[in-house]
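Read-outs: derived from the displayed coordinates by stated rules, not from any lab. Predicted model only: the values in this text are computed from it and were never measured. Here Cβ is always computed from backbone atoms with ideal geometry, including for glycine, and neighbour counts include all displayed protein chains.
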């Protein structure tokens, strides 16, 4: 299979997760990293999950960002079926505010890792930054862009609070 | 495929879960319900999970008892791939005492149900009893045995505590 | 007593739980499963609870869906007095967001099972689906309808998120 | 029915709860308050619970101390069926250390009160002291004994810690 | 000191707690139990707390209902200085939704009991009902009114939910 | 009243807290800060608490370290009655591992501060270090000793882990 | 370096924390304590953090109030690099309501203390009061103002709640 | 500076963390990935942290595994000062079983990512596997070894549990 241009896959359990996960997409846009965003529901489309995860490396993806809420199985099940680095984003859930999402994603047993980020928007942004950091190890241009992004972030912190 | 004699499948994520899940097996033995116990790891053997879950109905199983700990994806992923009733047993985990197991199993999104029991041994016993209650709906002999088991349980409660 | 047409009883602790539990009713409607919805308060109408639970099997019910919030005793007390499968729905509570409801329902001692679903609306829908899965074991037509419902659910998952 | 000499009933869900609840008994012994200790399981002996709770006032009890663990329904269900003051003791559970017991007992809905004490031994002792405080309102001799017990407790607090 | 007509004291840590605690007052009004409501802040008015608690019995109070939020010390400190039964109401706090209030009130050490009710409005109502249950032990008229209140509560539970 | 030599008071709710609080004492010994350790139970000796807290400044104390567990009211009630800085140490409790102690101490309402340290031994040591840091603001010799203590702590961190 | 007039530094991780931390500033204003408020992000401006913390004593600050939310590292890292007393304010976070902020600040290891206040506004006010209490040890005029502030707070507590 | 042979740095807050973190080292050994293990305490050796983090890329490291417990600031502060991917391991803490460690590490604000693994030993092993997955993106031989490791892990899962 020909290598795709998208190096990062952003997958999520449902359309409703996009409100969170689009922040991952926006951040990758800022850094000039190509990605592809798909809906892959571990529970409602398990076949799609199997197909996606088993083929992700051959499709040319290098990292996978997976967001899900509640009993969030998408990141861990993806990691079970691909050797690629998988980064999990716990989406904030209604009743438990994402505590269920967080524990369902981060408490993986030994053998199958998911690098887990914070609950919600911050986690989505950081999953993108972490993917970029991984890709930058073999892409000096991206490393420079990431350094610049971080320097800009630092520069934008004001010295004093304002009312 | 010929119908199997085992009507209940007891699956678990690892050998270490057997210390908990054998209580389900023991209870089914007491009730005269045939079962089969297998190790199916969602994370380490995802293909086995896929094969098991998709074929469970054709294998003649009528209910599935699934036990797992930590980021416990086995019950939910099984339920995603079979129309059979799935009952989940949160195995007590080391650091979080099964709170992670419980939330990972019970907080399933709308569309894919897992009937979840208590953390640990009590949950394993109750998953067996619940499976028996389901099977008893179409098996009067089992219904009688289950009634007797319950009556015996009631009879064994002493009136007064003893030192 | 003559067998009733309703195979599923949906009981709840108060009128206010109906906002959650009606999702169970709606789901059973979609699947063509007859049910009856009643208010049975474990705390305010304990006699009614005793009468309901002890007679549920004779009334012809095959599964019971019980929803309650806070110190939620309805599912467990019902299960104590009927051999039928009982599925519990933790209703989201005000201060603790249903964490109290969940633990009060799921942490049943060995001997009396309650198959517990997720907190709130998702749990109500899934209690209906789980009841249907149980009934489908002896009702091929319902099994077909449930398969179709699940297939439709899968088909409705879009491939890509949209803004 | 003739009034019994025991003014306090100590009930518990199982023999295993006695290790905790005997501290209530010991404390009532110290205060010279007659009590009766019984095993009443909400889940395994619901009829016994029903009989006990509905007759408790006529039996001459004035307060009820109820201890249970996990999905602890005994205190609340008792309170649903008697107008007597009910004091609940959350017994420490294995996996969740009594957090489930506490929430199952204390989070009663408006209308049916359970005065809840601390998890475990401290709660059992305090349930006895609270019962004594209630009875002392109409028993000057007991009031004096309770005052003396409290004064003695104060007197026994050393001024300085010792190695 | 002459005996007061108010048999129940309702104390609270601040004016803002009145939104919760007035439900205790309303319930006592319904039951015809005289009470007095005061603001007593353990932290801002410790002298007032000492004066109140040490004199409460002499003032003729028979039970004390104490509501507070956050690090809620009012119920426990009151119980430390009076032999009267003290019932605690955890007021819902902003960040932690009353989990801090609940633990600060219920987890009293052995020796000083606080009968704790549910977080928020339900707890305030139930503290009033529990006080009434205590007073009814020596007041047959109140016992009748409490029985009637409970019967009315039961009668008002509809049989079926309505949309 | 003549000024005492002890500048720090270490108070605790019971003898059993000394196993934790002696680490505060040991640390002050290392730093050459004089202290006095006393048992002051908020619940069992409220008068002693009152006397201690109201006189602490006049006794010459400059900071107060207060340790307690469960529904831990000692630090906050002390802070309510003295203008001195109060530092609270949540002692690890049996059932809830100090989560109750922590919330009971740290969640003080606006107006009465308690500077709270970590649960258990680490918190006791740090309460001593924080008291020393406060006293060092007006004691150059102590400031030097504290600097040396911190430098030594840094120097003792090995570069590499050893088996 | 010349001693600055500001004796208290109020630092916070971002502009958004100012909504909380300004309550610390307002309280210091009321007490006539000079302070300086700065934004110092542990994560986005680590160099600024190092510079601030290492120089804080030489700049003339006597106490530091540090507020941050989520994985809140600012208070602890500041305390690692200054011998001054550091008081931490857990800012309420979106998903976890400040539970993460609280644990990240209060659970410091032995050796590096952070005196932690309540989550949110109450904590910010109390951090200011605690700083004032520390400074008052060597400033009689401030001690008088703090006593007056506390007396006024006590005087403002009404005796009775109003609707 | 010459490039080092070690591609992964394993850092930890104290010698006591090595019992957990050595599992990361063992796993990297199995995979043939060179690493270097160091003690870097955010709180006791902040200068060492600063030096390490700012120079980690120039030293030739490609990923950093950071383990810490309690108020665990090491992973996040390292991530603040290096563009390399940082993976955090929450070490199990005494009182709170690593819940504090987990939240302190995973809840990083947007802008500075830490890919967080499970609490304890499982997390340490998985941090090594995730580092290997990252390095394998540019090292086909390692990719093959990682594939083999995963295949072996799958092969070792028995089909049936044994007593």
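With Cα atoms defining each centre, the stretch G:69-143 and the stretch A:114-150 are spaced 31 Å apart in the structure.
Where both bridge residues fall in the protein assembly as shown, DSSP classifies roughly 5% of the beta bridges as antiparallel. The residue in chain F that lies nearest, by its beta carbon, to the axis linking chain F with chain H is given here with the distance in whole angstrom as F:97, 5. Peptide F:85-93 has a mean shielding of 4, counted as Cβ atoms of other protein chains within 10 Å of each residue's Cβ.
Peptide G:16-22 is shielded by partner chain Cβ atoms: per residue, an average of 2 of them sit within 10 Å of its Cβ.
I need the calculated FRET efficiency for the pair residue F:54 and residue B:58, taking r as the beta carbon distance and R₀ as 56 Å, to the nearest 0.05. That pair, residue F:54 with residue B:58, gives E of 0.10.
The separation of the stretch C:1-40 from the stretch A:3-22, counted between C-alpha centres, amounts to 38 Å. Computed over Cα pairs, the Kirkwood radius of the protein assembly as shown leads via Stokes-Einstein (1.306 mPa s, 10 °C) to a diffusion coefficient of 50 µm² per second. Exposure proxy ranking for G:54, E:7, based on other Cβ atoms within 10 angstrom of each Cβ and starting from the fewest, stands as G:54, E:7.
Dividing the C-alpha radius of gyration of chain C by 2.2 N^0.38 Å, with N its residue count, gives 1.05.
Taking every DSSP helix (H) stretch of at least 4 residues in chain G, weighting each as -39,500 (n - 2.57) and dividing the sum by the residue count yields a mean residue ellipticity at 222 nm of -13500 deg cm²/dmol. Peptide packing for B:55-66, H:9-20 was compared via the average number of neighbouring C-beta atoms within 10 Å per residue; ordered from the highest value, the list is H:9-20, B:55-66.
The mean number of partner chain beta-carbon atoms within 10 angstrom of a residue's beta-carbon across peptide F:132-140 is 5.
Taking every C-alpha pair closer than 8 Å and separated by at least 6 residues, the mean separation divided by the residue count of the stretch F:8-155 gives a relative contact order of 24 percent.
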